[in-house]
Amino acid sequence: MNRGNIRLQVARMRRAWDRRALENARHYVATGQQVWSDEEFFAYGEQELKDHVLNDLGNICQGRDPRTMKVLEIGCGAGRVTRALARFFGEVYAVDISSRMVRQAREAVAAFPNAHIFHNNGRDLSVLRPRWWQKSQAGATLEVDFAFSCLVFQHIPSRAVIASYLREVNRILRPGALFKFQVQGYTEKEPNLDDSWSGYAFSREDARKLAEETRFELRYEWGAGSQYYWLWFFKN
């Protein structure tokens, strides 16, 4: 897919997620309920933290104190998981394609000065380039100790966009660190580039190829063939 097509696909995704955020942001982030109270919504985020982070600290922290770690979240939505990450890690940098989602996420983490939410372009992490986090150190580069994405890539129909994100994560992740993320693994349905709900589906072989292309080591996987296909990509 060329850059023009990527821009077109990203523009469609942005419009779709802005529309969903306006209609019912929390439902589209977590479809288990139509209406979420603050307490329920953020408790669900804490549960995601327990299920996918706290039970995997050996791979994630690698002996580091989590309060000293910088963490990246791709696709923060309305801040459900971002808030939980900010309670546990030292600093959290989160991005989302939807400006409407970003506004809600910023409200969700208003009490957490260690959480930073950015409206990105939907295909890379250029918004996190130098200039904003430490102006006193010109040219400084943000380096994160762990990257995470949950229920996001399963909605991206373009493999090229997903690969672009992977390359960008590799750029700012410290050597040896983990990017743990979930993709669509149900491969029976052909991807529709006009759809921003059913994402590109990865087989085990395609996941391995993706890791090679983006200079990661695929060390673990779970849920192949299902909607919730988890991948552990370690930076070489």
### Message
Compute, for the chain, the length of the dipole vector about the Cα centre, with Cβ point charges of +1 (Lys, Arg) and -1 (Asp, Glu) only. Units Debye, rounded to 20.
### Response
840 debye
### Query
In percent, what relative contact order does the chain have, based on Cα pairs under 8 Å that are 6 or more apart in sequence?
16 percent
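Ordered by packing density, taken as the mean number of other Cβ atoms within 10 Å over each peptide's residues, highest first, how do 10-22, 87-99, 208-220 rank?
Working: 10-22: 17.6, 87-99: 22.6, 208-220: 15.5.
Listed from highest to lowest mean packing, they are 87-99, 10-22, 208-220.
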### Estimated [θ] at 222 nm from DSSP helical runs (n ≥ 4, -39500 (n - 2.57)) normalised by residues in the chain, nearest 500
-12000 deg cm²/dmol
### Dipole of the chain, positive direction: furthest Cα of LEU231, HIS52, LEU22, with charges on the beta-carbon
LEU22
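Each value in this text was obtained by applying a stated rule to the coordinates, not by laboratory testing. Values in this document were obtained by computation on a predicted structure and should not be read as measured data. Reconstructed Cβ throughout: ideal geometry from the backbone, glycine too, with neighbour counts over all protein chains shown.
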